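Single-structure report; data block below.
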Amino acid sequence: MAKKITVLNGPNLNFLGRREPAIYGRETLKDIENMTRECARSHGFDVDFLQSNCEGELVGFIQAAIGESVAIIINPAAYSHTSIAILDALKMFEGVVVEVHLSNIHKRETYRHHSFVSERADAVIAGCGSDGYRFAVEYIVQHDL
Ligand code: DQA
């Protein structure tokens, strides 16, 4: 059975393509899902690709990945800057964690400069747009598990 990568997307990312395209681009979350699946498949990984606008649901997705997935790629969106619950859930996960942001959060408002999730992330990718998801898969492949 192929190893699995769980890809998690936080609030408002379901509106990608329509949401502030000057910042987040014109690609939809479905486009990003297809590209991520394709990249992972080419390296022999299966993908669970999920989105939620709810913090508790994202915590549930992380818990469900424990013992099931070898890695989590997470764009926690606004919860990056607020959520200790998501950080705590990620601390229970033993695989690789890669945090992805489409935009360069360090170039934006100061309240986006700190991410609680980064304390657990093995790698953080910001400002590469949708390519960040592909780079995250490649990082996981390099640090094989
Ligand atoms: C984001 C950056 C966050 O600050 C923001 O709240 C998002 C998206 C990004 O992908 O650039 O929703 O995580």
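Data overview
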{"item": "Relative frequency of Cα-Cα separations exceeding 16 Å in the stretch 35-98, percent", "result": "45"}
{"item": "Carbon/sulfur fraction of accessible area - the chain, other protein chains in place, 1.4 Å, %", "result": "50"}
{"item": "Cα centroid separation - the stretch 72-103 against the stretch 1-69, whole Å", "result": "12"}
{"item": "Ranked by how many other beta carbons lie within 10 Å on average, peptides 133-140, 53-60 from highest", "result": "133-140, 53-60"}
{"item": "Environment charge of ALA89, counting only residues whose C-beta is closer than 13 Å and scoring Lys/Arg +1, Asp/Glu -1", "result": "-3"}
{"item": "Potential extension, ILE84-GLU119 segment - 0.36 nm per residue separation minus Cα distance", "result": "11.6 nm"}
{"item": "Reachable lysines from LYS4, criterion Cα separation under 26 angstrom, eight or more residues apart if same chain", "result": "LYS30, LYS91"}
{"item": "ASP131-LYS4 FRET efficiency (beta carbon distance; Förster radius 25 Å; 0.05 resolution)", "result": "0.70"}
{"item": "The stretch 3-143 - percent relative contact order, Cα under 8 Å, separation 6 or more", "result": "27"}
{"item": "Förster radius 41 Å - calculated FRET efficiency between MET35 and THR110, Cβ distance, rounded to 0.05", "result": "0.85"}
{"item": "Accessible area in square angstrom per residue, the stretch 3-143, 1.4 angstrom probe", "result": "47"}
{"item": "Stokes-Einstein diffusion coefficient of the stretch 3-143, Kirkwood radius over Cα pairs, 4 °C, 1.567 mPa s, in µm²/s", "result": "88"}
{"item": "Hypothetical label at GLU68: residues of the stretch 8-48 whose amide nitrogen lies under 12 Å (7 Å Cα-Cβ projection)", "result": "47-48"}
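The values are calculated or read from the model by the stated rules, or taken from the named source; none is laboratory data. Note that the structure is predicted; figures quoted are calculated from it, not measured. Here Cβ is always computed from backbone atoms with ideal geometry, including for glycine, and neighbour counts include all displayed protein chains. Ligands, DNA and RNA are stripped out before the accessible areas are found, and what is left, the full protein with its side chains, is counted by its heavy atoms. Shrake-Rupley method; radii C 1.70, N 1.55, O 1.52, S 1.80 Å.
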